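*Asks:* Sending over a structure as structure tokens; questions will come in a sec.
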Amino acid sequence: MKIKKQENVIVLMFALSLVISMLNRVDISAKKVQAYHCSKVIVANGTKYKISQIAKDVQDIDTGKKMTQKLKNKKIKWVSENKNLKVVGKTFTAKKIGRYKLIGITKKKRYRIDLDVVSKNPQKDLSMVEYATIQSGSDGTVVKIEEQEAVRNLCALINEAKFKFDYKLANKGRRVGWNYAVHLYLSDGTEQFKMVDSKPKYYYTTSRANEINKYAEQLFKQSAKVTG
């Protein structure tokens, strides 16, 4: 008799576990989350940004459609799995240079925005630069500048300039129609620094842009005459 009762209990427990398992499967399928992978945004370290600010520059990678309206949803909770990306409410600040994932979560949707975090100011150690090249944006001609006084003067102009990160330029700036690209090299051919129309990596601006551009143009024309 006891054996039969034990068998009944085992059958009931098995049936109960089967029902719970089925319910769990139904629950999981009912809560299927729609995922959106958004395009990359370039920001500077140590700077607070609003989600609404970067939402204007984000697109769905799969469809190419703007995500501005979707990311304005007040129900989205924004988080980061990296301690160097601090998220508070609808704002975020990256402590260090690097690549991060900003995650937005609702009950039925998940958003991922890739962040490329760069320095507020471009890193520029030009003390060991040996030569430079200057390329014309109009026809692609490249000239090499090896005269040491010219190289020192060019490096001095760049060192004295105070560059600052420009969010709009980094994320919306046109990378066509430029005048001169300057590349600075070490003696072994390692590229140490580069800029297009006085804009390092096309992320930064400076009040001395015209001065740098004019000197680059002067060096280009002088060298082009010699080689021509």
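The values are calculated or read from the model by the stated rules, or taken from the named source; none is laboratory data. As the structure is a computational prediction, the values presented were derived from the model and not from experiment. All Cβ positions, glycine included, derive from the backbone under ideal geometry; neighbour counts span all protein chains shown. Accessible surface is based on the protein model in full, side chains and every heavy atom, while ligands, DNA and RNA are left aside. Shrake-Rupley method; radii C 1.70, N 1.55, O 1.52, S 1.80 Å.
Each row is one residue, and each column tells you yes or no for (1) modelled with pLDDT of 90 or more; (2) in contact with a Leu (Cβ under 6 Å, 6 or more places away or on another chain); (3) β-branched (Val, Ile, Thr); (4) more than 15 Å from Leu102 (Cα to Cα).
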{"position": "Met1", "(1), (2), (3), (4)": "no, no, no, yes"}
{"position": "Lys5", "(1), (2), (3), (4)": "no, no, no, yes"}
{"position": "Ala15", "(1), (2), (3), (4)": "no, no, no, yes"}
{"position": "Leu18", "(1), (2), (3), (4)": "no, no, no, yes"}
{"position": "Met22", "(1), (2), (3), (4)": "no, no, no, yes"}
{"position": "Val26", "(1), (2), (3), (4)": "no, no, yes, yes"}
{"position": "Lys31", "(1), (2), (3), (4)": "no, no, no, yes"}
{"position": "Gln53", "(1), (2), (3), (4)": "yes, no, no, no"}
{"position": "Val58", "(1), (2), (3), (4)": "yes, no, yes, no"}
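*Asks:* I'd like to verify a number: residues in region 46-70 that are buried (at least 17 other Cβ atoms within 10 Å of the Cβ) and under 19 Å from Lys172 (Cα atoms), how many?
*Replies:* Residues meeting the conditions: 7.
*Asks:* Taking into account only those residues within region 90-116 that are touching a residue at least 60 places away in the same chain (Cβ under 8 Å) and part of a strand (DSSP E or B), which is farthest from Lys48 (Cα to Cα)?
*Replies:* So, considering only residues that are touching a residue at least 60 places away in the same chain (Cβ under 8 Å) and part of a strand (DSSP E or B), the one farthest from Lys48 (Cα to Cα) is Lys109.
*Asks:* Also, quick follow-up: Filter region 79-116 down to residues that are open to solvent by less than 50 Å² (accessible area, probe 1.4 Å) and under 18 Å from the mean Cα position of the chain (by Cα), then give me how many there are.
*Replies:* 19
*Asks:* Here is a check on your reading of the model: is Ser223 small (Gly, Ala, Ser) and out of contact with any strand residue (DSSP E or B) (no Cβ under 8 Å at 6 or more places or on another chain)?
*Replies:* No; evaluated as a whole, the condition is false for this residue.
*Asks:* Quick check: is even one residue across region 107-129 more than 30 Å from Ser223 (Cβ to Cβ) and in contact with an Asp or Glu (Cβ under 9 Å, 6 or more places away or on another chain)?
*Replies:* no
*Asks:* If only one of Ile113, Ile145 is under 30 Å from Glu81 (Cβ atoms), hydrophobic (A, V, I, L, M, F, W, C) and modelled with pLDDT of 95 or more, which one is it?
*Replies:* Going through Ile113, Ile145 in turn, the sole match is Ile113.
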